[in-house]
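Asks: First the structure, which I've put down as structure tokens, then a few questions once you've had a look.
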Amino acid sequence: MFKIVKKGVLNPAVKLLEVEAPYIARKAEPGQFIILRVNEEGERIPLTIADFNREKGTVTIIFQEVGKTTQLLGALNEGESILDFAGPLGMPTHYGEVKKAAVIGGGLGTAIAYPQAKKLHSMGADVDVIAGFRNKDLIILEEEMKAVSSRTFITTDDGSNGNKGFVSDVLKRLIEEGNKYDLVVVIGPLIMMKVVSGITKEYGIKTIVSMNPIMVDGTGMCGGCRVTVGGKVKFACVDGPDFDGHEVDFDEAMRRQLMYKKEERHSMEGHRCRLEGIKNA
Amino acid sequence: MPNMSLKKMQMPEQEPEKRVKNFLEVALGYTEEMAVEEAKRCLNCKHKPCTKGCPVNVKIPEFITLVAEGKFEEAYLKINETNSLPAICGRVCPQESQCEKFCVRGKKGEPVGIGRLERFVADWYMANRKIEQTQVERKNRKVAVVGSGPAGLTCAGDLAKMGYDVTVFEAFHTPGGVLVYGIPEFRLPKELVNKEIDTIRNLGVDIKTNMVIGRVLTLDELKKEGFEAVFIGTGAGLPSFMGISGENLNGVYSANEFLTRINLMKAYKFPDCDTPVKVGRNVAVVGGGNVAMDAARSAKRLGAENVYIVYRRSEEEMPARLEEVHHAKEEGIIFKLLTNPTKIIGTEDGWVKGMECISMELGEPDSSGRRRPVPKAGSEHILDLETVIIAIGQSPNPLIKSTTPDLETQKWGGIITDEETGATSIEGVYAGGDAVTGAATVILAMGAGKKAAAAIDKYLSER
């Protein structure tokens with residue numbers, strides 16, 4: 001059992017849990033993930049490590065309540081425990097030498113992009129953070145990102161924060177204004193990573209994306225997380241989850257993401273019925 | 001007076017029509033009377049040919065004699081002297097190529113049902129045993145076992161019996177390895193696996209789940225934590241794919257993923273359990289081993305109408321246990337032999353709709369001694385399918401190797417060990433089971449775990 005020592009609500013749908021997991025905290029690096037299971041009947045889901053504290057022995061996860069498992073997880077409180085929590089899984093991000101980087105997050109992806117920005121910043125790189133959200137109420141980690149970047153640009157799809165647009169537009173503008181990035185890290189919805197990778201390919205800027213496919217074990221056993229990268233089949237859990245954005249077959253990844261849509265909805269509706277049943281009782 | 005019947009006492013089974021609708025165990029086991037009758041078929045040969053077929057040296061004629069005398073508890077203790085997991089072995093060992101292969105009764109008629117008797121004895125004991133904590137003198141020396149499958153559990157059990165403090169590290173949330181993620185409930189009930197694991201815990205073995213060794217702790221770090229020796233029994237978890245086009249279409253599974261979803265994650269209980277699995281009306285399983293049979297029979301139970309085994313050689317070369325092939329046929333699995341897939345065909349939006357196959361014929365023997373299948377030109381044909389399960393083998397998981405550069409492995413990933421002791425290229429580190437041999441059997445893994453336990457004891461005693 002893994003105890004929750006802190007819970008935070010970042011926006012109405014996004015929650016943060018700081019979890020006691022000393023072994024994992026000792027080893028975790030940006031880019032890696034954990035797999036958790038909430039209860040005995042629960043599924044195993046991968047979540048990227050958003051932060052870790054080696055001294056306190058804790059690992060932080062940030063997640064959006066999109067399905068039954070993330071809802072159950074979001075319903076847990078400080079002092080309660082998560083049944084299973086395994087990691088750190090996947091390869092740590094490998095940056096090489098970086099002078100100037102743009103770290104881009106889309107929605108929840110910002111939570112995963114944040115530790116990357118933090119690491120690059122601590123390595124002495126000049127970091128610009130670009131984060132995009134649907135509207136201003138969904139903005140997360142603004143202060144944290146400002147603390148680890150030279151400049152932070154936040155866009156909203158509806159312009160409700162006064163800065164309407166997509167992260168890709170901001171990146172393009174920054175590049176055209178003469179910012180010489182030698183690395184772009186982009187984490188968010190597949191379509192966003194695809195668009196940004198398309199832009200950086202034009203300009204020949206190295207681009208790292210973080211894939212989050214469906215997986216079961218997270219240790220290379222099931223092969224459910226197959227991603228085609230540069231024409232070769234890779235397992236995101238052990239070969240990734242970071243890959244060269246210019247090489248990833250995003251269209252295939254988007255299709256594979258839909259494999260269990262129907263079942264996910266079924267699971268979620270069943271869960272909601274039971275919840276409402278309890279409320280009505 | 002021995003029972004001279006040429007045939008084994010039949011073991012009751014669930015009827016095929018009924019069992020394809022449930023996940024309950026197919027074979028139901030002997031009653032006491034049946035077991036005594038079958039045990040009386042044993043001639044108690046002086047030279048005990050059967051025992052040389054057993055990788056863990058079960059004292060076969062001795063335990064069978066005790067069964068014939070109705071001394072079931074004594075029979076269990078006799079088996080348990082060399083085998084810590086008899087209820088499992090009795091169910092999943094390929095007896096026809098091991099102990100029973102050498103049985104004198106098999107020269108004319110069927111061999112003694114050694115596996116069935118072993119299973120009976122283990123089940124009888126589980127139902128009737130009194131749990132007692134075994135007291136052994138502790139040595140206060142720590143040994144780590146990585147992986148809680150058959151190799152790891154056997155090694156841990158044997159070391160605990162010798163008085164070592166054994167900690168088993170398991171990456172999954174449940175111990176058991178392939179016994180829980182790979183072999184289906186209808187062949188090996190998980191409740192029984194849990195009981196066998198409890199027996200090992202009762203010996204004082206500490207099992208830590210959710211510990212992915214190689215990531216969370218390296219072998220060096222285990223040594224720093226005070227473990228004086230390490231046994232690696234991490235199995236063969238890396239699934240192989242065919243490398244043909246269409247393998248990433250939605251609806252294509254590795255057998256590992258398909259079975260793990262069903263067995264470990266209980267997808268057959270969806271939505272009561274949260275993990276889903278997709279099974280179309282028409283399912284093809286590619287491969288001819290036990291894993292392929294397990295996947296095909298699971299698909300049938302999940303409602304598939306037509307389930308095909310697509311295998312490139314003929315039935316004679318099939319590596320699956322006879323009983324599994326027999327059960328699969330009884331359950332209506334369709335065998336497409338001498339057939340090899342050439343590509344998987346998808347719909348416009350990326351779901352499986354069929355598989356192109358080519359017919360094969362057998363040519364000259366290859367390096368495995370089996371006749372090599374050769375494609376017949378122009379024999380391409382298409383199977384209409386929604387689900388394809390690839391069960392063509394697994395290789396060892398490279399996780400530990402990737403963080404332990406000194407650990408020498410074969411090109412294909414198997415850890416290189418001394419055959420007699422399981423010693424690896426690193427002092428104090430031993431390995432065994434599928435992690436060394438590539439995908440093999442439960443009993444061979446147990447044999448390797450046993451040898452390594454003895455070698456670790458010798459190594460630590462001399463240190």
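Since every read-out is calculated from the coordinates, none of them should be taken as a lab result. Computed from a predicted model, the values in this text were never measured in an experiment. Cβ atoms come from the backbone with ideal geometry, glycine included; neighbour counts cover every protein chain shown.
Asks: With runs of 4+ DSSP H residues as the only contributors, calculate the mean residue ellipticity of chain A at 222 nm using -39,500 (n - 2.57) per run, divided by the residue total and rounded to the nearest 500.
Replies: -9500 deg cm²/dmol
Asks: Could I ask something else about it? Say the dipole of the stretch A:56-197 comes from +1 at the beta carbon of Lys and Arg and -1 at that of Asp and Glu; which of A:Ala102, A:Ala147, A:Ala113 then lies farthest toward its positive end?
Replies: Result: A:Ala102.
Asks: Now, a different point. Okay, which of the stretch B:1-22 sit inside 17 Å, backbone N to the point 7 Å along the Cα-Cβ direction of B:Lys108?
Replies: Counting backbone N atoms under 17 Å from the label point, the list is B:2-8.
Asks: Something else now. Mind checking the alpha-carbon convex hull of the stretch B:188-266 and giving the volume per residue in Å³?
Replies: Normalising the Cα hull of the stretch B:188-266 by residue number yields 151 Å³.
Asks: Here is a follow-up. Please report A:Ser122, B:Ser359 as a ranked list, fewest other C-beta atoms within 10 angstrom at the top and most at the bottom.
Replies: A:Ser122, B:Ser359
Asks: On the Cα set of the stretch B:418-462, report Rg and Dmax in Å, please.
Replies: 10.3, 33
Asks: So what are the ³J(HN,Hα) numbers for the stretch A:38-47, from phi and the Karplus equation (6.51, -1.76, 1.60; θ = phi - 60°), rounded to whole Hz, Gly and Pro as x?
Replies: 7, 8, 4, 8, x, 8, 8, 10, x, 9
Asks: May I pose another question? Only bridges with both residues in the stretch A:131-238 count here: give the DSSP antiparallel percent, nearest 5.
Replies: Percentage antiparallel, nearest 5: 35.
Asks: Do you know the relative contact order of the stretch B:312-463, to the nearest whole percent, from alpha carbon pairs under 8 angstrom that are 6+ apart?
Replies: Relative CO of the stretch B:312-463 lands at 14 percent.
Asks: Sort B:323-331, B:140-148 by packing, meaning the average of other beta carbons within 10 Å per residue, with the highest value first.
Replies: B:140-148, B:323-331
Asks: Pop the C-beta distance of B:Leu28 and A:His266 into the FRET formula with R0 = 30 Å and round what comes out to the nearest 0.05.
Replies: Rounded to the nearest 0.05, the efficiency is 0.30.
Asks: While we're on this one: Within straight cross-link reach of A:Lys206, meaning Cα distance under 21 Å, which lysines are found once same-chain residues fewer than 8 apart are removed?
Replies: By straight Cα distance, A:Lys206 reaches A:Lys99, A:Lys100, A:Lys118, A:Lys119, A:Lys172, A:Lys180, A:Lys194, A:Lys232, A:Lys234.
Asks: Please work out the Cα convex hull volume for the protein assembly as shown and give it in Å³ per residue.
Replies: 185
Asks: About its Cα centre, what dipole magnitude does the protein assembly as shown give when the only charges are +1 on Lys and Arg Cβ and -1 on Asp and Glu Cβ, stated in debye to the nearest 20?
Replies: It works out to roughly 580 debye.
Asks: Calculate for chain B the 222 nm mean residue ellipticity that helices alone would give, adding -39,500 (n - 2.57) per DSSP H run of length 4 or more and normalising by residue count, nearest 500 deg cm²/dmol.
Replies: The helix-only estimate for chain B comes to -8500 deg cm²/dmol at 222 nm.
Asks: Right, something else. Using a Förster radius of 41 Å, what is the FRET efficiency between A:Asp158 and A:Asn77 based on their Cβ-Cβ separation? Nearest 0.05, please.
Replies: Taking R0 as 41 Å, the efficiency between A:Asp158 and A:Asn77 is 0.80.
Asks: Compute, for the stretch B:203-342, the length of the dipole vector about the Cα centre, with Cβ point charges of +1 (Lys, Arg) and -1 (Asp, Glu) only. Units Debye, rounded to 20.
Replies: It comes to approximately 380 debye.
Asks: So how strong a dipole does the stretch B:1-95 carry about its Cα centre when Lys and Arg Cβ are +1 and Asp and Glu Cβ are -1, to the nearest 20 debye?
Replies: 440
Asks: If Lys and Arg each add +1 and Asp and Glu each add -1, what is the summed charge of the other residues whose beta carbon sits under 12 Å from the beta carbon of B:Ile207?
Replies: Value of the local net charge: -1.
Asks: What percent antiparallel are the DSSP beta bridges of chain A, to the nearest 5?
Replies: Bridges in chain A are about 60 percent antiparallel.
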